[in-house]
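Heads up: the structure comes next, in structure tokens.
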Amino acid sequence: MGEKSRSRGCCGWFIVAVVLAVVVVAVVYTVRKKINDKSDGGGPSPVPGPPGAIEKKYADALKVAMKFFDVQKSGKLGDDSISWRGDSGLNDGSQAKIDLSKGMYDAGDHMKFGLPMAFTATVLSWAILEYGDQMDVVDQLKPAQDSLKWTTDYLVNAHVSDNVLYVQVGDPKVDHGCWDRPEVMTEKRPLTQVNESAPGSDVAAETAAALASASLVFKKTDPTYSSTLLKHAVQLFSFADKYRGSYSESIPDVQNYYNSTGYGDELLWAASWLYHATKDKSYIQYVTGSNGKSFANWGSPTWFSWDNKLAGTQVLLSRLMFFDEKDTSNSDLQMYRQTAEAVMCGLLPKSPTVTTSKNDGGLIWVSEWNALQHPVASAFLAALYSDYMLTSRTAKLSCDGTSFRPADLRKFAKSQADYVLGNNPMKMSYLVGYGDNYPQFVHHRGASIPADATTGCKDGWEWLDSKDPNPNIAYGALVGGPYLNQSYVDSRNNSMQGEPSTYNSAVIVGLLSSLVTTSSAVQSFI
């Protein structure tokens, strides 16, 4: 009796094992088929969902990159994370009886230029809005918000009345005639403004974009501050639109530093952010009506930068169509998405329309000066577009008949980030403080002079010419980058390659935040 039961049990277990084996084979076949389908561009990749596994390389790099905002802060710092930095610029704005002590120094100098500073704030806001959950899992969300508010506090104070905006603190000729630490600078710091008689639609509209996007960042955590930011954004946009003109024409001196090549892109960029912040349809009408026809340059891909916001505007407006918002069937709005797709197709290495503006290592390369701005900004946009496709379950992007998947865009974004972080012929990380080999002679006054040194405007030049590495590490500085031949000369006098900037920091923070892990894109910022 017992033996027969045991025999039947063995037979039963055998049948179960066979059934399980069949099921496993079927599952493996199905999975492989899906993978093959995906490799053929068949179906959409799965929506990433909440933040997934952390990629340590990008997490570590993000933590370093975020520090450069602290390196660049002006004002009363209090407990700051950068040991060699202290209070500076405390009297900025005092001659006009306003407080412009906050904000950030532009690059390796002590100037506060309004156009690139506002762009820094807009891009940092965008990064937080899209990837705040990913920043949060590596404890970088609060530092990002704090740095953003430090900048928007300055921008709000700079907007002293409806049609007056201070756009510069310091005289660049005087400032660049000194080599000193910001904590001890004594040179005069005059103020420059745009107004009704000296318009600056580009800088006013970029500031409007910065404050509108930041209003979304703080909408839940500080609604009163958010409302203040949005009020200033609306006023500034109205000023920029009503009194049209380039600040480079109103203030010719800026042409040697941050020369604006036009203001139409900033007007469209600002209107796009104001639509996201208000849901006021008049802003959609603005970008799709006569202003779109005049300024959007539909069908012609451009590079995203502090001077040209068109590619960013195209990607930002594309998210409306990806996520099926009402009133997005407008044919001119569709033109923004089509142009954004053309931008993406120009970045993908195997695309029939891929750009030739890159070096032999695959890095997008557009300009000798600040060479890394364009590849990092392009990679940030590619990561955004990839995530929009994933979350909306958009399977393919067609480039002149060749199909690409979201994963292809993400692969491109990673390739640019990896190049910056050391996967290049120099085996050098261009992000200062990340890795074992990074620039030691960064063109940065504060980093080059010992914190206990006593120097004035002129006698600090000895530190510029010193053969010793910088005594202070400018953590998170993204330097200008390599020449076209992929070489890099690590010299403090080589400002073309070795000078960092805050707007470079904004785009690298955005890019690294997109890569630190995966998650679904938010479908609305509100």
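Converting phi to 3J(HN,Hα) with the Karplus coefficients 6.51, -1.76 and 1.60 and the offset θ = phi - 60°, segment 67-74 yields 5, 5, 4, 5, 4, 8, 5, 9 Hz in sequence order, with x at every glycine or proline.
For the chain, what % of the accessible area comes from carbon and sulfur atoms, probe 1.4 Å? Working shown, then result.
On the way: 11140 of 21200 Å².
In the chain, the share of accessible area belonging to carbon and sulfur is 53 percent.
Dividing the summed -39500 (n - 2.57) terms of all DSSP H runs of n ≥ 4 by the residue count of the chain sets its mean residue ellipticity at 222 nm at -15500 deg cm²/dmol.
Starting from one equal scatterer on each C-alpha and no solvent at all, send me the Debye-based log10 I(q)/I(0) for segment 198-297 at q = 0.20, 0.22 Å⁻¹, two decimals. Scattering profile of segment 198-297, log10 relative to I(0): -0.93, -1.05.
Since only VAL366, VAL71, LEU100 are under comparison, the one whose Cα sits farthest along the positive direction of the charge dipole of the chain, derived from C-beta charges on Lys, Arg, Asp and Glu, is VAL366.
Defining a contact as two alpha carbons under 8 Å apart and six or more residues distant in sequence, what relative contact order in percent does the chain show?
Working: 996 pairs, mean separation 110.5, N = 526.
21 percent.
Among the trypsin sites (Lys or Arg not before Pro) in segment 231-321, none sits in a DSSP loop with a Cβ that has at most 10 other Cβ atoms within 10 Å.
Taken over the alpha carbons of segment 269-415 as equal point scatterers, the Debye sum produces base-10 log I(q)/I(0) values at 0.19 Å⁻¹ of -1.16.
Could you order the peptides 310-316, 445-451, 89-95, 114-120 from most to least packed, using the average number of other C-beta atoms within 10 Å per residue?
Values: 310-316: 26.6, 445-451: 21.4, 89-95: 17.1, 114-120: 29.1.
Going by the mean number of other Cβ atoms within 10 Å, highest first, we get 114-120, 310-316, 445-451, 89-95.
Helix 331-347 axis versus longest C-alpha principal axis of the chain: approximately 80°, rounded to the nearest ten.
Rounded to the nearest whole Hz, the Karplus-based 3J(HN,Hα) values (6.51 cos²θ - 1.76 cosθ + 1.60, θ = phi - 60°) of segment 436-443 follow the sequence 9, 10, 9, x, 9, 10, 4, 6, with x at glycine and proline. Once the Cβ-Cβ distance between GLN255 and LYS396 is put in as r, and R0 is 45 Å, what FRET efficiency do you end up with, to the nearest 0.05? That pair, GLN255 with LYS396, gives E of 0.55.
Going by alpha carbons, how many degrees (0 to 90, nearest 10) lie between the helix axis of 310-322 and the longest principal axis of the chain? Taking the Cα atoms of the chain, the angle to 310-322 is about 40 degrees. Applying a DSSP loop filter and a limit of 12 other Cβ atoms within 10 Å to the trypsin sites (Lys or Arg not before Pro) in segment 348-411 leaves LYS350. For the pair SER197 and SER227 in one chain, pulling the backbone fully straight at 0.36 nm per residue adds 7.9 nm over the alpha carbon distance. Applied to segment 187-201, the Karplus parametrisation 6.51 cos²θ - 1.76 cosθ + 1.60 on θ = phi - 60° returns per-residue 3J(HN,Hα) values of 5, 5, 10, x, 10, 10, 10, 10, 7, 5, 8, 10, x, x, 4 Hz, with x for Gly and Pro. Residue separation of TYR483 and SER282 scaled by 0.36 nm, minus their Cα-Cα distance, works out to 67.9 nm of gained length.
ASN259 sits among other residues whose Cβ lies under 12 Å from its own Cβ, and their net charge, with Lys and Arg +1 and Asp and Glu -1, is -4. Checking the a/c ratio against 1.5 first, then a/b against b/c, what shape does the Cα gyration tensor give for segment 456-526? Prolate is the answer for segment 456-526, as a/c is 1.5 or above and a/b outweighs b/c. Distant-in-sequence amide contacts of MET111, defined by a placed amide H-H separation under 5 Å and a gap of 5 or more residues or a different chain, comprise ASP106.
Put simply, the amide H of VAL167, placed in the peptide plane, has neighbours under 5 Å in THR192, GLN193, VAL194, leaving out anything fewer than 5 places away on its chain.
Which value, in debye to the nearest 20, gives the size of the charge dipole of the chain about its Cα centre, when Lys and Arg are +1 and Asp and Glu are -1 at the Cβ? Write out the running numbers ahead of the final one.
Details: 48 positive and 55 negative charges, 463 e Å.
Using Cβ point charges on Lys, Arg, Asp and Glu, the chain gives about 2220 debye.
Farthest towards the positive end of the charge dipole of the chain, among the residues SER520, PRO190, LEU274, is the Cα of SER520, using unit charges on the Cβ of Lys, Arg, Asp and Glu.
Around the amide H of LYS358, modelled in the peptide plane, lie the amide H atoms of TRP365, all under 5 Å away and 5 or more residues distant in sequence or on another chain.
Over the Cα atoms of the chain, what is the Rg over Rh ratio if Rh follows Kirkwood? Before the final figure, lay out the partial values.
Numbers: Rg = 25.5 Å, Rh = 24.2 Å.
Rg/Rh for the chain comes to 1.05.
The long axis of helix 223-242 is offset from the longest Cα principal axis of the chain by roughly 70 degrees.
The values are calculated or read from the model by the stated rules, or taken from the named source; none is laboratory data. Computed from a prediction, not measured in an experiment: that's the story for all the values here. Please note: Cβ atoms are built from the backbone with ideal geometry, for glycine as well, and neighbour counts cover all protein chains shown. SASA here: full protein model, heavy atoms, side chains in, ligands and nucleic acids out. Shrake-Rupley method; radii C 1.70, N 1.55, O 1.52, S 1.80 Å.
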